[in-house]
1. Calculate how steeply helix A:101-113 sits against the longest principal axis of the alpha-carbon atoms of chain A, using the helix alpha-carbon long axis, and give the answer as 0 to 90 degrees to the nearest 10.
2. In the protein assembly as shown, what percentage of the DSSP-assigned beta bridges are antiparallel, given to the nearest 5?
3. Would you list B:111, B:176 from fewest to most Cβ contacts within 10 Å?
4. Work out the mean other chain Cβ neighbour count within 10 Å for the residues of B:63-72 and drop it here as an integer.
5. Given label points at 7 Å from Cα along Cα→Cβ, what nm distances, shortest first, separate residue B:261 from the same residue in every other copy?
6. Rounded, prolate or oblate: which one fits segment B:5-47, using the alpha carbon gyration tensor with axes a ≥ b ≥ c (rounded when a/c is under 1.5, else prolate when a/b beats b/c, else oblate)?
7. State, to one decimal in nm and shortest first, how far the label point of residue B:173 sits from each corresponding label point in the other identical copies (label point: 7 angstrom along Cα-to-Cβ).
8. At a 10 angstrom cut-off on C-beta neighbours, averaged per residue, how do the peptides B:3-11, A:159-167 rank from highest to lowest?
């Protein structure tokens, strides 16, 4: 017969409440923890998380939906979130929806049927329809990176507008006037914010915005290469370019390498994310780096707070600052 | 009162077996699928995966343990696995153990208590102790990339020995004799295989192996930079270097950039993984690329086969070939 929590209580001499607290991630004194762990081994106690889930109506599962797991920005945030949540006994189920709205909807269904206790999402769709179901069932939702209008939930964002504004200002300082922007899809929140930053930087310095210098990619490597090619073909007079995510930065660099365009002699360049890639590039790239570790921490904190019962507190929007790292590409 | 599977059977006119098959990922005719889906909507049917798990003793959860989620090699495999398994109704819980044996052990405990139906692991520990418990409970285990002696389970590996052997042979063809190798930790399977390949390539061409040309990193960016620095300091006569994973390739490039070493004029270079980084580098790097997509597919196939009841079939070891991509760095 399998050992029960009562057996553990008897063996350790501790109360059932303490034992239960131990398994539910509550505060248990180090000394008592050790006692419980010894008893677990001795009695060969195995927790049945499935039965526990049915009893408590908590699965201790957190659903995560992201556009691409192999985008370094996503991977870095998720690995941080996963690590923290696991320490609190939560398992994260990550679904990669490949930036596809239909797949995202399926992933949300999947998580809902799994009865996850909460949801973390970097949304691809902009309507937020799929999120409302979770909120209606009192499951906390934390949105990463891309704010969705009309959905009342916690958000962890980056100040994208300022990031691009500062980068463009840096280029203007160096007397650049014809500055290209490789932006993301025009309907995505972060992308819109970045384009706003571009406009503001130019306007504040009395420069005209010329739309033919803005080329929208799709946040992928090949999209970045194509957007770079378009700018080089149509605006040979461009003297600097700002690329607004990591994968497109890679793509733009591939295109520039293939055409033999010299940085910074022929074109000044600012990239995005992934410090290591910037350092490993020759010349070292100037980049805007997003605080992925801090974002992961903030996401985990927000959802844990809600899971621990702060269901009615006002929704929080955290906006984190990027860092500008000067290389030798300007 | 919530709708049940019986209600769905009544509504669609189909047998309970068909309905059950639909939810368990079995074969159901397209026409019947549509009927069931219409009924699900009409009756507002919600699957309770938790209750189902208790009844069937299957959680439809697959545990995944990897050393680093933000290693591109891991992320690319996992995203492929996750996608395929989700199509079969399985959710994957990914735990990142940060290349730490203690954390890996905790992750295995975590998955075991969650009662996952199967386990996928790229092991950090080399003793395989934690895996035996899963096998004893008839939970299939698939090991990725790093074979573990004494554990009888399916493996998906890469022919690391041949990958390095071919790369080194390519450098010898170009008359290099003093060839450095930046290897991984000397106790990891892939690392050992790569060092073997290095030895073989030199021996087959009548060259001596000089151990001072082998520098062990730890598969991280900073480890790669340090290993590169060590080689440059102690072996200034080295004319070519082979770096044996992506993160160390990045690190080695950072070190070379900082010292202003010119590739290929002063040092020929072969890197590992991540085609996009190789293309985006200047000059374009020659690299060994691992077939991550194919690996992910193989892993998913193997575990699905076991989950579908092929528990007694002979354990399979799949060994996939790498691809050599010629750049301009030799």
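1. In chain A, helix A:101-113 runs at an angle near 10 degrees to the longest axis.
2. The answer is about 10 percent antiparallel.
3. By the 10 Å Cβ count, ascending, the order reads B:176, B:111.
4. 3
5. Distances between equivalent label points, in nm: 3.0.
6. Details: a/c = 1.42, a/b = 1.35, b/c = 1.05.
Taking the square roots of the gyration eigenvalues as a ≥ b ≥ c, segment B:5-47 is rounded.
7. With the label placed 7 Å along Cα→Cβ, residue B:173 yields 4.8 nm.
8. The peptides rank, most packed first, as A:159-167, B:3-11.
Read-outs throughout are calculated quantities, based only on the coordinates presented, and are distinct from any laboratory measurement. Small disclaimer: the values here were computed from a predicted structure and weren't measured. Note: ideal-geometry Cβ built from the backbone for every residue, glycine included; neighbour counts use all protein chains shown.
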